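Participant: Here it is, the structure in full.
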Amino acid sequence: NSVWVSTDHDEIEKVAKQFGAQVHRRSPEVSQDSSTSLEAIREFLNHHHEVDIVGNIQATSPCLHPSDLVKVADLIQKEGFDSVFSVVRRHQFRWSEVKKGENKMTEPQNLNPAKRYRRQDWPGELYENGSFYFAKRHLIEKGYLQGGKMAYYEMRAEHSVDIDIDIDWPIAEQRVLSFGYFGKEPLKEVKLLVCSIDGCLTNGRIYVTEDQKEMVSYDYRDIVGIDLLKKRGIQVRLISERDCSKTLSAMQLGCVAKVSATNKLQVLEDWQKDMGLSWKEVAYLGNEESDVECLKTAGMSGVPADACAVAQKAAGYICKSSGGCGAVREFAEHIFLLLEKVNSARKQ
C-alpha cells in the first residue's frame, strides 16, 4: 500500500523521494551502529497506526524482484500467515567445529560419510538469506519479526544475493546485471558515452613548459577502452569546460568533442536529441560539480575514484580507478556488462 525508506540521512531522504518513496526520519535512538532493524520498524509503527503489515526489505539484498514480494503479501493477506521470511536452498555439507587446542575429532552434521551422495542428488537445506521479513503488527509490537503462524518463501538461488563484506560487492554487481530487476520498461543498449576530458580522460593536471605550452598525461588503457566502445557501436564524445583543442588534436582520438562548454547539460541534451536517443541510451562519465546534472540525467553514470564528493553522490557507479589512470576503460567494462544483460534479456 505504501513504500517507505527509513533513514536519518538528508541525502538518502532526497534520493528516496526522487524515486517516489515516502520517508520516515529515524530518531537518534534507533540510528546507532548497534540499532536493529526491528527497533526502527517498531518506531515507525508508533507513528503509523494505520499500518497492519510490514514488509521489511533489506538493502543488502539487491536482486529482489517485486513479483516475489507480491506472492509473500498474498501469503499474509489471503492465506492467513502472521509472518513470512525469505530462504534459499543450499547444497552444503556441514561439519562440527573443532576449536584450536581441543583434542577431539570433527563430526558430520548433515551427511553420512559412509553413504556420501552427490550434492546434485540431494535436495539440500533451507537457509535464511536475509532478503526480507514480513510480519503483522501484533507480532512486531511484541518484539518479533518471526512468529505466530509462520511460513518461509523460497527464493531462486540467482536472486539470493547478500552483501555482508567487501568481497561480496563484485559478486553482487555481476548477479544484478545478470538477474536483477530493471523495471517494466525494456532495457536499452547504451549508444553514446560522453566523457569529461579533465579529470576523467586525463588526471586533471596541466603541465606548463617554459615556452608556455601546456601538456597533459593520459593512460593508454583508456584509449583502448574508447576503441573497444567504438567497435561495439557506441559513440564516444568528449566535453571540457576549457579550450583544450590542441591537446585533443595531439591525442588523435577521432571523437567528436565540445570544448569551452559553459553548460555541459545543454551540450548533452543537444547531442541526445540530434542522435535521436532516449536517456537510457546515454552514459556519462564526469568528476566535477559541473558534471552533476549530467550524471543525474544520463541513463548510466559514473565517476573516477578521485571525483569530488557531490559528483560521487550523483553517480550510479564509482570506479576503482582514478581519473587519467584507467577510469574510462573501467567504465567501458561496466557498460559492456550492461550490454550482456540486454542481450540476455532478448534471448529470454
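Participant: Within the range 206-237, how many residues are within 18 Å of Glu333 (Cβ to Cβ) and of a type outside the set (Ser, Thr, Tyr)? Don't jump to the end; show me each part of the working.
Facilitator: Our first condition is that a residue be within 18 Å of Glu333 (Cβ to Cβ); within the range 206-237, this holds for 218-236.
Subset that is of a type outside the set (Ser, Thr, Tyr): 219, 221-236.
Number of matching residues: 17.
Participant: May I ask you to list the residues in the range 298-317 that are farther than 24 Å from Ile206 by Cα and open to solvent by 40 Å² or more (accessible area, probe 1.4 Å)?
Facilitator: Within the range 298-317, Gly299, Lys313, Gly316 qualify.
Participant: So which residues in the range 220-246 are over 23 Å from Leu338 (Cα atoms) and either charged (D, E, K, R) or open to solvent by 30 Å² or more (accessible area, probe 1.4 Å) (or both)? Steps first, please.
Facilitator: Of all residues in the range 220-246, those over 23 Å from Leu338 (Cα atoms) come to 220, 239-246.
Within the range 220-246, Tyr220, Glu241, Arg242, Asp243, Ser245, Lys246 qualify.
Participant: Ok, one more. Taking the criterion of being part of a loop (DSSP other than H, G, I, E, B), over 29 Å from Ile234 (Cβ atoms) and β-branched (Val, Ile, Thr), would at least one residue in the range 148-164 satisfy it? Show your work before the answer.
Facilitator: Within the range 148-164, the first condition is being part of a loop (DSSP other than H, G, I, E, B), and the residues that meet it are 148-149, 155-156, 160-164.
Within this subset, residues satisfying the condition of being over 29 Å from Ile234 (Cβ atoms) are 148-149, 155-156, 160, 162-164.
With the extra rule that they be β-branched (Val, Ile, Thr), the set shrinks to 163.
The answer is yes, given that some residue of the range 148-164 is part of a loop (DSSP other than H, G, I, E, B), over 29 Å from Ile234 (Cβ atoms) and β-branched (Val, Ile, Thr).
Participant: Which residue is least open to solvent (accessible area, probe 1.4 Å), if the candidates are limited to the range 158-179 and must be more than 26 Å from Leu38 (Cα to Cα) and hydrophobic (A, V, I, L, M, F, W, C)?
Facilitator: The initial filter retains those residues of the range 158-179 that are more than 26 Å from Leu38 (Cα to Cα), namely 158, 167, 170-171, 173-179.
Still in the running and hydrophobic (A, V, I, L, M, F, W, C): 167, 171, 176-177, 179.
On the way: Ile167: 119, Ile171: 97, Val176: 40, Leu177: 21, Phe179: 81 Å².
By that ranking, first place goes to Leu177.
Participant: Ser2: open to solvent by less than 40 Å² (accessible area, probe 1.4 Å) and not in a strand (DSSP E or B), yes or no? Break it down into steps so the answer makes sense when it comes.
Facilitator: Details: open to solvent by less than 40 Å² (accessible area, probe 1.4 Å): no; not in a strand (DSSP E or B): yes.
No.
Participant: A further question follows. Could you give every pair whose Cβ atoms fall below 8 Å, whose first residue belongs to the range 275-296 and is under 19 Å from Glu11 (Cβ atoms), and whose second residue is open to solvent by less than 20 Å² (accessible area, probe 1.4 Å) and among the basic types (Lys, Arg), counting only separations of at least 6 or pairs across chains?
Facilitator: Qualifying pairs under 8 Å: Gly286/Lys264; Asp291/Lys264; Glu293/Lys264; Cys294/Lys264.
Participant: Restricting to the range 52-93, name every residue that is under 20 Å from Asp162 (Cα atoms), among the basic types (Lys, Arg) and not in a strand (DSSP E or B).
Facilitator: Selection gives nothing.
Participant: With respect to Glu288, determine if the residue is over 19 Å from the mean Cα position of the chain (by Cα), surrounded by fewer than 23 Cβ atoms within 10 Å (Cβ to Cβ) and closer than 19 Å to Val190 by Cα. Talk me through it step by step, then tell me what you get.
Facilitator: On the way: over 19 Å from the mean Cα position of the chain (by Cα): yes; surrounded by fewer than 23 Cβ atoms within 10 Å (Cβ to Cβ): yes; closer than 19 Å to Val190 by Cα: no.
Judged against the criteria, Glu288 is not a match.
Participant: Restricting to the range 1-36, count the residues that are closer than 18 Å to Tyr133 by Cα and among the hydrophobic types (A, V, I, L, M, F, W, C).
Facilitator: Here the count works out to 3.
Participant: Please work out if Lys184 is in a loop (DSSP other than H, G, I, E, B) and either touching a His at 6+ places or on another chain (Cβ under 6 Å) or open to solvent by less than 100 Å² (accessible area, probe 1.4 Å) (or both). Break it down into steps so the answer makes sense when it comes.
Facilitator: Numbers: in a loop (DSSP other than H, G, I, E, B): yes; either touching a His at 6+ places or on another chain (Cβ under 6 Å) or open to solvent by less than 100 Å² (accessible area, probe 1.4 Å) (or both): no.
So Lys184 fails the test.
Participant: Right, here's the next one. So how many residues does the range 265-290 have that are part of a strand (DSSP E or B) and either of a type in the set (Val, Ile, Thr) or over 17 Å from Ile226 (Cβ atoms) (or both)?
Facilitator: The initial filter retains those residues of the range 265-290 that are part of a strand (DSSP E or B), namely 282-285.
Within this subset, residues satisfying the condition of being either of a type in the set (Val, Ile, Thr) or over 17 Å from Ile226 (Cβ atoms) (or both) are 282.
Of the residues in that region, 1 qualify.
Participant: Filter the range 201-215 down to residues that are over 33 Å from the mean Cα position of the chain (by Cα) and of a type in the set (A, V, I, L, M, F, W, C) and give me whichever is surrounded by the fewest Cβ atoms within 10 Å (Cβ to Cβ).
Facilitator: The initial filter retains those residues of the range 201-215 that are over 33 Å from the mean Cα position of the chain (by Cα), namely 206-215.
Cutting the leftovers down to of a type in the set (A, V, I, L, M, F, W, C) gives us 206, 208, 215.
Working: Ile206: 14, Val208: 9, Met215: 11.
Checking each candidate, the answer is Val208.
Participant: Kindly check whether there is at least one residue in the range 17-24 that is open to solvent by less than 40 Å² (accessible area, probe 1.4 Å) and assigned to a helix (DSSP H, G or I). Please lay out each step first, then the result.
Facilitator: Taking the range 17-24 as the starting set, the residues that turn out to be open to solvent by less than 40 Å² (accessible area, probe 1.4 Å) are 21, 23-24.
Those left that are additionally assigned to a helix (DSSP H, G or I): none.
The answer is no; no qualifying residue exists.
Participant: Within the range 87-99, is there a residue that is open to solvent by less than 100 Å² (accessible area, probe 1.4 Å), hydroxyl-bearing (Ser, Thr, Tyr), modelled with pLDDT under 95 and more than 29 Å from Glu340 (Cα to Cα)? Break it down stepwise before answering.
Facilitator: First, pick out the residues of the range 87-99 that are open to solvent by less than 100 Å² (accessible area, probe 1.4 Å): 87-94, 96, 98.
Now narrow it down to the ones that are hydroxyl-bearing (Ser, Thr, Tyr): 96.
Going one step further and asking which of them are modelled with pLDDT under 95, we end up with none.
The answer is no; no qualifying residue exists.
Participant: Exactly one condition in (1) in contact (Cβ under 8 Å) with a residue 12 or more places away in the chain; (2) within 20 Å of Ser131 (Cα to Cα); (3) more than 22 Å from the chain's Cα centre (by Cα) is not met by Glu39; state its number.
Facilitator: Evaluating Glu39 over (1) in contact (Cβ under 8 Å) with a residue 12 or more places away in the chain; (2) within 20 Å of Ser131 (Cα to Cα); (3) more than 22 Å from the chain's Cα centre (by Cα) leaves (1) as the failure.
The values are calculated or read from the model by the stated rules, or taken from the named source; none is laboratory data. It should be emphasised that the depicted structure is a prediction, and the values quoted were computed from it without experimental measurement. Glycine also receives a Cβ, built like all others from the backbone with ideal geometry; neighbour counts cover every protein chain displayed. Heads up: the accessible areas ignore ligands, DNA and RNA and are worked out on the full protein's heavy atoms, side chains in. Shrake-Rupley method; radii C 1.70, N 1.55, O 1.52, S 1.80 Å.
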